[in-house]
Amino acid sequence: MKNILQKIKKVIRQYISLRSLRARIFLIVLVVGIVPSVAMRYGIMRNYEQRAVEQRTVTVQNQLKIVADHLINEDYLNTRTSKVINAELEMLSNLYDGRVQIISGNLKVIKDTYGISEGKTIISEEVIKCFMGESLSNYDAQYGYIELTIPIIDNQIVIEDTQGAAAGNVITNGVRQPDPRVKGVMLTSISTDYITDTLTILSRKASILEALMIMAIVAIALILSIVLTRPFERVTKAINEVKDGYNNESISVPDLAETEHIVEAFNQLLQRMKVLDDSRQEFVSNVSHELKTPLTSMKVLADSLLAQENVPAELYQEFMEDIVSEIDRENQIITDLLALVKMDKKVSALNIAVININDLTELILKRLRPIARKKDVEVVFESVRPVVAEVDEVKMTLVMSNLVENAIKYNKEHGWVKVVLDADHQYFTFEVSDSGIGIPEDCLAQIYERFYRVDKSHSREIGGTGLGLAITKSAVLMHRGSITVTSTEGEGSTFLVKIPLNYIAQ
Ligand code: ADP
């Protein structure tokens, strides 16, 4: 229960911090889906409002112009008696749910369909401008009305064009003058309630649609985020199964190319770990075996001495010599293991000195020739030029002797081993070729791995532990050198070591 709660908390935290891919997909789909729909709704509503206001303004303006003509024809501004005009004005004000005021030339309200302002004087900017011949309109969205000011023009009056100015746009001394044809002004305000009502209805419908759409988008975002990330969950589950030990085989999640790549990399890692694990197990049993063999021999030798009475001194001498040689062997194995552990931990600093490599090679070959002779293997040394280099003598000895020893060990009867020493101005090369059994191509990449041996039974028979090349490679790399191998199965192998003449400190 506590575990589940912790998991939920973790998921929520990942969602909030957007570290989870699922949360990101969810958010992206949500934003991509919702933002355009909200923007579209806002745009459509605004557009509708603008067009509706424009249309209404034009319609009412036209009607007002017609009425304005009637006013002039009926001389309403002076008589104010025309019933027809009064009726027309009432009709207008009812039709558009508004108020019409007629303002005469002396800025007095002579007719107000609301009957409030009659007799009052109106001096507003709009009215003044209107007397100059301008028709004005103004939409007040907050209070929901359109205000229209229309000049009542007597077209029978002909005015002269003053200073080239168009009639109705008379300017004297830089000041715009009232248009003499404008006899009065119609000041009208009409309600836009019906536009607001339509907008409210539209908005309600759009909100319902939008809510439905948002619900659909949230559902789609949720489904997509779950579906798209599920393969990754499968990868994690498969890897966890391997980690927890339920499954030890290669895993497969082919849902997406990406998961396939992850799984491929994991399988390669798994494979590598398996090989390492196998080699390690193999090594432990080998080491135990190797360490036990000399002990068993020693015990047999000691027991047989103890079991006999009056053992002759010569036999004692002989058995003791055998025991000492078994102790030496045991010692060698332990030394090898320690050498490897030391290189592994990188605790061993190199003990660099200027060494004559030709002499060192001669010495190593001298030590190994007796072993070669036992197998009837001929060892040839070709020194192309004298080589003096800065190396760690002990480690370089390990490198050279391991390679030559392997070339003898994995050779055939009457075979040969050739060692070539050469150098250029930067590196010296130490090449060991043999006429031995060779290494299969698919094993070449692994021979430097610790405990790896191509033919385990053969290697154990001849005393190999699979450590030699691992030690060799570590030592070469510590000298900032390189080691390469070419080999043909059944024909032989060539190992080439390249070491800088001058030690390159890190
Ligand atoms: P080992 O102690 O078994 O010799 P190494 O690390 O020295 O271990 O070598 C690893 C494996 O590489 C050997 O078991 C052997 O199979 C192969 N090998 C090394 N050198 C040679 C060679 N010169 N010819 C053929 N096989 C070789």
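Summed over segment 474-506, the residues that are out of contact with any Ser or Thr (no Cβ under 9 Å at 6 or more places or on another chain) and assigned to a loop (DSSP other than H, G, I, E, B) give a count of 11.
Would you be able to say whether some residue in segment 22-31 is surrounded by 11 or more Cβ atoms within 10 Å (Cβ to Cβ) and among the small types (Gly, Ala, Ser)? So far as segment 22-31 goes, yes, one or more of its residues are surrounded by 11 or more Cβ atoms within 10 Å (Cβ to Cβ) and among the small types (Gly, Ala, Ser).
Within segment 437-467, the set of residues being in a helix (DSSP H, G or I), more than 7 Å from the ligand (Cβ to nearest atom) and either over 37 Å from the mean Cα position of the chain (by Cα) or at pLDDT below 70 (or both) comprises Glu441, Lys456, Ser457, His458, Arg460, Glu461.
The set of residues in segment 332-379 that are open to solvent by 60 Å² or more (accessible area, probe 1.4 Å), closer than 19 Å to His414 by Cα and aliphatic (A, V, I, L, M) contains only Ile371. Taking Lys395, is it at negative phi and open to solvent by less than 50 Å² (accessible area, probe 1.4 Å)? Judged against the criteria, Lys395 is a match.
No other residue among Val242, Val185 is at pLDDT 90 or above and open to solvent by less than 90 Å² (accessible area, probe 1.4 Å) apart from Val185. Evaluating Leu477 against the criteria (1) within 8 Å of the ligand (Cβ to nearest atom); (2) open to solvent by 20 Å² or more (accessible area, probe 1.4 Å); (3) of a type in the set (A, V, I, L, M, F, W, C) leaves one unmet condition, (1).
Within segment 398-417, if we keep just the residues that are within 11 Å of the ligand (Cβ to nearest atom) and open to solvent by 50 Å² or more (accessible area, probe 1.4 Å), the residue that is nearest to Val454 (Cα to Cα) turns out to be Tyr410.
Within segment 85-113, residues that are more than 13 Å from Ser191 (Cβ to Cβ) and free of Cβ contacts under 8 Å to residues at least 24 places away in the same chain reach partners that are assigned to a helix (DSSP H, G or I) and open to solvent by 30 Å² or more (accessible area, probe 1.4 Å) with beta carbons closer than 8 Å, at six or more positions or on different chains, in the pairs Ile85/His70; Glu88/His70.
Hey, any hits in segment 418-429 for a residue that's touching a residue at least 24 places away in the same chain (Cβ under 8 Å) and within 11 Å of the ligand (Cβ to nearest atom)? Checking segment 418-429: not a single residue is touching a residue at least 24 places away in the same chain (Cβ under 8 Å) and within 11 Å of the ligand (Cβ to nearest atom).
Note on segment 75-112: among residues that are among the charged types (D, E, K, R) and over 20 Å from Phe131 (Cα atoms), the one that is least open to solvent (accessible area, probe 1.4 Å) is Glu88.
When every residue of segment 198-210 is checked against the conditions, at least one turns out to be without any contact (Cβ under 8 Å) to a residue 40 or more places away in the chain, in a helix (DSSP H, G or I) and open to solvent by less than 80 Å² (accessible area, probe 1.4 Å).
The values are calculated or read from the model by the stated rules, or taken from the named source; none is laboratory data. The structure presented is a predicted model; accordingly, all values stated were derived computationally and were not measured. In this analysis, Cβ positions are derived from the backbone assuming ideal geometry, glycine residues included, and neighbour counts consider all displayed protein chains. The area values use the complete protein model at the heavy-atom level, side chains included, leaving out ligands, DNA and RNA. Shrake-Rupley method; radii C 1.70, N 1.55, O 1.52, S 1.80 Å.
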